[in-house]
């Protein structure tokens, strides 16, 4: 066995043979392992952007983390037995509060603390004022809205349900008195407890218009529990809130910046019960440049550390914004761009627009009563009444949430405007849909599909575990219509884009026109035809998709979201325009700014239970301005920008097989480079609407995106953060500021 | 094959006519591949575990980290494998006879590699925890209902769990890697080899107190160790120069001069050093030691941060240990020289294996010091930072 004995004591032929066999075996084994790894792991790593030396380590770290350190269990929601029976709720516009009341309602001038431009009039803390009152920019006084934060209930479906387990088999269930029901018992879901704007989910919709400022008084009544509801174990534990109009061009005090409230106003993470704040939305484009006008905002909670749980608990509202200038996009299809919409001005000062429908997508999980509630927030005793870690059979059928999901949080019931599997009857004409992803982490990819056999439950098709997410599949579905995308986060595109499908990332908005009078092959539709808005992106956890059109499409993953039934004919004066809103120009020398750009890398960093998500290696620290990574000029500048300036910022995905929807407050940006490639003359194939203005950078694994940003009109601190809300709540956020 | 009596060092007849007992030498062709395989395989898990639970400052560019750290720590694995084969040599003799001896030696090698890997893993986890602990202190959560202590405990728990799993992974990996490496070498696992180029080892008197072997005039072990230690110190001092250039050029010049002196001392030690050389080596070691103690206790009275004590780091501690070792060796050699016996010898019974252990140990310490001297190599606490918001309206 030694070198010596090998050359002296053994019969050479036998020795050589034995040694060669050993060598060949070792080499062959290694070779086979390498080939197997390439064949099996290669495509998997490529899909996750990990097919690189660093990626292999990231994949290994992730696998270790998943296997050894971050083991989590989520409940399987009961199966909705009668999908597509509940009508899609289409919200009506909220009426502004009159200046003077009429006996049934107090006018805002009669409030104890009326809103106004004076010192101390921005919130109940009387220590703030609005940075810009509308009259200073030539706008009228704002319309005033009042929205109360209320503890209420919500039903995601009226259908009976069948409790199932992770294998799709019928299982036991419980009620609020912890009575056990045997497997196979059909049940009616209990109502889920919500924290809602005016007590509804989604909350109210404010139809706004450029040139008409809106002041919204958000008043916290979450301490009041008139229905004696169990608050369960999520939502901000002190019932505080903070509202962000995503992505209004708004002064810091009205923007819902979580760090701003730490040093101003309440000087706390949010506004506590029985306090209010007046968020003033000027409905005024950045730099008063019409090209900066947007078309669809939403408002949601932004309370530090609990944004995800508060949003998941219901704090979502809608804010379409129209542009009446020249009638361009004022909700009247007879004028301007003639986008679909028939406007009805209401006597109460609001207006509604028919055929212009917001669709807020939200996924949730309902408690199965047997899944342990356990995360770092329990250790921190935020919800002592829940006595976690514990199972909660009394919460069976109500929303389940995990604050700190190591794999991210995704639901297995998909809802639209608060209703699971809704049905909607449409006229044979064009519609404008305003898509919003209000989910914690789920990304969707939508297609319009038809089917002869219709949806089947995933459980009945033999799917198990994560494959049950979405509950239903349409095995025979085929694409039948196209979308015409007309807007993204930043408002109307320069030109419409025909799309077979499009992705919707958390907090992203996409607006599309769909012509329900004919199919994509030109065949007219007929009354009674059924089309399904279908999600074809499989996302088993909050990390990223496993299958989508861009990466390894799964032809079997077609989850119906809305059943659309073709109805009667209706007049249609709308058109799909050829040209819409021009982009603000880029400076011709923008590439000379590359060397001095600010660089921010979002990354996962383990540490201390819940500080897992960092930017440039640091957790969010409210009172600080972040520092850029070293740029090509060798500098690490602070994230401070002069008012009125412009700059390039780079946002990098630090890897690890995660995607990050990265949101920057205050002004829209324009993507100029993606993965070191100039995209100003045409978007990346995977991101065709890079040629638009956005407020959210969609970062595929390992991607880097360079954006051009302006910093106009206001001064003060703002934030930028990942809009995977589990990431945001766990420190993937940084402060930046505009200086005078 | 018949098992040789334990502890014997007889070489079997080679059939070449050289029948005299030969002193066993370190089987580098066995040691280096085994050490390298275990260093890089264990490094993979250590870096991967860091990616799962480590401090974020140390999780960037994992591939480069793996290459760098595994290479830097290779001497530690070489040390471990030499220790294992030395032990096997003592137990089974220069030729492994029988399956038991063979398997035991293989297990010894894997275990030694695991011990090295475990020590490195523990140090890595401890460093991660220290960085995470520092991070906890700057968290906004400190002002919230969540306490830093709870986050700290969670971090510690995670690191301990990672350590536990890591040790198991390393052991399993080293067993597989040892088996594979032995297999790819055709089943060879040598614990020694016969020294080449010598008819036999001849100890001849020298002026030093050690023995000088053979016609080639091999250097005294203590001289070799001191010389290697000086080279290690020089490498560390050269490595810290770039970090000092920006804020204190004088220090850079000092480190350059010191490194040159150490290289010169090392080269002279490898020859036939006279009294002056030994004194010079001693001074070269004493001066930085005194300065180090001064700077780490009360702070130097000059320089940009005068009278401010500097924190100790991996590089300077490693350099100090090497300097201390050099100093002690120089003193011992001086005393022997002054003893004046000239031809009186105290034959060191160090075998080639023990010599190699000592020299590789010093090299491992030097290598660690160099790695610690280069910013970012073994993870730096980033003190650059954010600043407070200044803008209000």
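Counting just the residues of the stretch A:714-729 that are assigned to a loop (DSSP other than H, G, I, E, B) and facing another protein chain (nearest Cβ under 10 Å), which one comes out surrounded by the fewest Cβ atoms within 10 Å (Cβ to Cβ)? Walk me through it before giving the result.
From the stretch A:714-729, those assigned to a loop (DSSP other than H, G, I, E, B) are A:714-715, A:723-724, A:729; that's our starting set.
From the residues that got through so far, the ones that are facing another protein chain (nearest Cβ under 10 Å) too are A:714-715.
Numbers: A:714: 23, A:715: 19.
Step by step, filter the stretch A:714-729, then rank; the result is A:715.
Does the stretch A:245-261 contain any residue that is surrounded by fewer than 20 Cβ atoms within 10 Å (Cβ to Cβ) and touching a residue at least 12 places away in the same chain (Cβ under 8 Å)? Spell out how you get there, then give the answer.
Kept after step one, since they are surrounded by fewer than 20 Cβ atoms within 10 Å (Cβ to Cβ), are these residues of the stretch A:245-261: none.
No, because not a single residue in the stretch A:245-261 is surrounded by fewer than 20 Cβ atoms within 10 Å (Cβ to Cβ) and touching a residue at least 12 places away in the same chain (Cβ under 8 Å).
Being assigned to a strand (DSSP E or B) and out of contact with any helix residue (DSSP H, G or I) (no Cβ under 7 Å at 6 or more places or on another chain) is the filter here, so list the residues in the stretch A:365-376 that pass it.
A:365, A:366, A:372
Restricting attention to the stretch B:103-140, report how many residues are surrounded by 20 or more Cβ atoms within 10 Å (Cβ to Cβ) and over 27 Å from the mean Cα position of the chain (by Cα).
The total comes to 4.
For the structure I just gave you, tell me whether residue B:183 is modelled with pLDDT of 85 or more, over 30 Å from residue B:104 (Cβ atoms) and part of a helix (DSSP H, G or I). Walk me through it before giving the result.
Values: modelled with pLDDT of 85 or more: yes; over 30 Å from residue B:104 (Cβ atoms): no; part of a helix (DSSP H, G or I): yes.
Considered against the rule, which asks whether it is modelled with pLDDT of 85 or more, over 30 Å from residue B:104 (Cβ atoms) and part of a helix (DSSP H, G or I), residue B:183 comes out as no.
Report whether or not residue B:67 is within 10 Å of another protein chain (Cβ to nearest Cβ), within 18 Å of the chain's Cα centre (by Cα) and more than 24 Å from residue B:312 (Cβ to Cβ). Quick ask: steps written out before the conclusion?
On the way: within 10 Å of another protein chain (Cβ to nearest Cβ): yes; within 18 Å of the chain's Cα centre (by Cα): yes; more than 24 Å from residue B:312 (Cβ to Cβ): yes.
Criteria met by residue B:67.
Within the group A:464, A:402, A:427, which residue is in the same structural domain as residue A:534 (by the TED database), in contact with a strand residue (DSSP E or B) (Cβ under 9 Å, 6 or more places away or on another chain) and at pLDDT 95 or above?
Details: A:464 fails: in contact with a strand residue (DSSP E or B) (Cβ under 9 Å, 6 or more places away or on another chain); A:402 fails: at pLDDT 95 or above.
Residue meeting the stated conditions: A:427.
Restricting attention to strands (runs of 3 or more DSSP E) lying wholly within the stretch A:104-206, give those where 1 or more residues are assigned by the TED database to the domain that holds residue A:228, at negative phi and modelled with pLDDT of 95 or more. Don't jump to the end; show me each part of the working.
Details: elements: A:143-154, A:160-162, A:192-197.
In the stretch A:104-206, A:143-154, A:192-197 are the strands (runs of 3 or more DSSP E) which contain 1 or more residues that are assigned by the TED database to the domain that holds residue A:228, at negative phi and modelled with pLDDT of 95 or more.
Has the stretch A:419-436 got at least one residue that is within 14 Å of chain B (Cβ to nearest Cβ), more than 20 Å from residue A:93 (Cα to Cα) and either within 21 Å of the chain's Cα centre (by Cα) or assigned to a loop (DSSP other than H, G, I, E, B) (or both)? First the steps, then the outcome.
Filtering the stretch A:419-436 down to residues within 14 Å of chain B (Cβ to nearest Cβ) leaves none.
No - not one qualifying residue is present in the stretch A:419-436.
How many residues are free of Cβ contacts under 8 Å to residues at least 24 places away in the same chain, closer than 24 Å to residue B:156 by Cα and not in a helix (DSSP H, G or I) if we restrict to the stretch B:19-60?
Number satisfying all stated conditions: 2.
Quick one: which of B:83, B:55, B:41 is within 14 Å of chain A (Cβ to nearest Cβ) and either surrounded by fewer than 24 Cβ atoms within 10 Å (Cβ to Cβ) or touching a strand residue (DSSP E or B) at 6+ places or on another chain (Cβ under 6 Å) (or both)? So that I can check it myself, show each step before the final result.
Values: B:83 fails: within 14 Å of chain A (Cβ to nearest Cβ); B:55 fails: either surrounded by fewer than 24 Cβ atoms within 10 Å (Cβ to Cβ) or touching a strand residue (DSSP E or B) at 6+ places or on another chain (Cβ under 6 Å) (or both).
Just one listed residue meets the conditions, B:41.
Report whether or not residue A:470 is under 27 Å from the mean Cα position of the chain (by Cα), within 21 Å of residue A:88 (Cβ to Cβ) and not in a strand (DSSP E or B). Quick ask: steps written out before the conclusion?
Details: under 27 Å from the mean Cα position of the chain (by Cα): yes; within 21 Å of residue A:88 (Cβ to Cβ): yes; not in a strand (DSSP E or B): yes.
For residue A:470, the condition - under 27 Å from the mean Cα position of the chain (by Cα), within 21 Å of residue A:88 (Cβ to Cβ) and not in a strand (DSSP E or B) - is met.
Hey, can you tell me all the residues within the stretch A:20-57 that are part of a helix (DSSP H, G or I) and in contact with a strand residue (DSSP E or B) (Cβ under 9 Å, 6 or more places away or on another chain)?
Initially, the stretch A:20-57 is screened for residues part of a helix (DSSP H, G or I), giving A:20-47, A:53-57.
Within the stretch A:20-57, just A:47 meets the criteria.
So, restricting to strands (runs of 3 or more DSSP E) that lie completely within the stretch A:618-664, which ones have at least 3 residues that are surrounded by fewer than 23 Cβ atoms within 10 Å (Cβ to Cβ), at pLDDT 95 or above and away from chain B (no Cβ under 13 Å)?
Numbers: elements: A:640-642, A:645-653, A:660-664.
In the stretch A:618-664, the matching strands (runs of 3 or more DSSP E) lie at A:645-653.
For the stretch B:146-162, name all the residues that are buried (at least 18 other Cβ atoms within 10 Å of the Cβ) and assigned to a helix (DSSP H, G or I).
Narrowing the stretch B:146-162 to residues buried (at least 18 other Cβ atoms within 10 Å of the Cβ): B:146, B:150-152, B:154-155, B:158-159, B:162.
Listed by number, the residues that qualify are B:150, B:151, B:152, B:154, B:155, B:158, B:159, B:162.
Could you check residue A:104 against (1) over 33 Å from the mean Cα position of the chain (by Cα); (2) closer than 30 Å to residue A:550 by Cα and say which number it fails?
Condition (2) is where residue A:104 drops out.
Could you list all residues from the stretch A:539-587 that are at pLDDT 95 or above and assigned to a strand (DSSP E or B)?
Residues satisfying the conditions are A:559, A:560, A:561, A:562, A:563, A:564, A:565, A:566, A:567, A:568, A:569.
When you scan the stretch A:542-556, do you find a residue that is out of contact with any strand residue (DSSP E or B) (no Cβ under 6 Å at 6 or more places or on another chain) and within 22 Å of residue A:423 (Cβ to Cβ), even just one?
No - not one qualifying residue is present in the stretch A:542-556.
The values are calculated or read from the model by the stated rules, or taken from the named source; none is laboratory data. Remember, predicted model here, so these are calculated numbers, not experimental data. So basically every Cβ, Gly included, is an ideal-geometry build from the backbone, and we count neighbours across all protein chains shown.
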